[in-house]
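Notes follow once the structure below has been shown.
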Amino acid sequence: MPRYTLKKRVGMILSLSVLSCVSIALKAKTLTIVDQFGNPVEHAVVELLQSTAQQPVTKTPAIMDQVQKQFAPKLLTIVKGQQVSFPNSDDIRHHVYSFSPAKPFELKLYAGTPKAPITFEQPGVVVLGCNIHDSMVGYIYIAQSSAHFVSDEQGNVTLPDTTTSYWLWHPEQAQEIIERTEHDWPAGHSNSKVEIKLTKPEPRNTFGEMFKEHHGN
């Protein structure tokens with residue numbers, strides 16, 4: 001039997017690791033998201049429809065901070081059943097709320113960090129506002145499972161080779177804010193491009209007013 005030195009064995013292991021990574025990369029699919037003008041769209045959420053298996057939910061709450069009168073991050077993605085903490089890093093108080101059907105809630109005027117995080121039990125989209133500062137708008141996307149992704153600055157998302165269909169959503173989409181569009185992956189293609197129509201965001205938070213109008217309050 002041939003005898004290998006430690007150096008040769010390490011080299012062989014590294015070579016196999018590289019080949020494995022290349023194989024995985026070749027099996028991935030790339031989705032490019034553009035707006036109606038052909039510009040790349042960042043921060044679009046893509047959720048796979050064929051993957052509904054719920055992974056164990058992390059016990060560490062996700063963080064939706066408030067910094068310089070803005071939600072940070074502006075878009076937070078989590079899975080259903082996950083908790084979110086809403087610390088206030090400003091030196092002024094905020095009053096965080098949402099009228100979204102997926103999770104209506106209210107954190108009345110406060111400073112610092114609320115004692116308990118909030119659990120988001122249902123999948124969907126939650127729009128956040130502040131009763132004190134109308135310019136504060138944030139978004140929480142609650143996915144059915146961990147199989148969800150966010151597009152980069154080039155509008156690209158790397159998806160598993162098994163992808164057959166997906167939901168697409170963006171906080172500045174022209175359609176209803178809580179709606180997600182369903183798309184099928186083109187058969188036989190490893191790359192695909194999809195267009196989403198965006199609209200200029202409102203200069204101030206009007207989500208609460210819109211909700212009240214629709215519900216007669």
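The table that follows gives values for the structure above.
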{"read-out": "Potential lengthening between T58 and S135 on full extension [0.36 nm per residue; Cα-Cα distance subtracted]", "value": "24.6 nm"}
{"read-out": "Given K59/K80; K27/K80; K80/K193, the pairs whose alpha carbons are separated by over 23 Å", "value": "K27/K80; K80/K193"}
{"read-out": "Tail fraction, Cα-Cα pairs, the stretch 46-159, threshold 26 Å, whole percent", "value": "21"}
{"read-out": "Sequence-distant aspartates and glutamates (8 or more away, or on other chains) whose Cα lies within less than 19 Å of K197", "value": "D35, E42, E47, D152, E153, E172, E176, E179, E182, D184"}
{"read-out": "Share, in percent, of DSSP beta bridges within the stretch 54-146 that are antiparallel, nearest 5", "value": "70"}
{"read-out": "Computed accessible area, T162, all protein chains, 1.4 angstrom probe, square angstrom", "value": "100"}
{"read-out": "Carbon/sulfur fraction of accessible area - the stretch 54-146, other protein chains in place, 1.4 Å, %", "value": "51"}
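The values are calculated or read from the model by the stated rules, or taken from the named source; none is laboratory data. These figures come from a predicted structure and were not determined experimentally. Please note that ligands, DNA and RNA were not included when accessible areas were found on the heavy atoms of the full protein model with its side chains. Shrake-Rupley method; radii C 1.70, N 1.55, O 1.52, S 1.80 Å.
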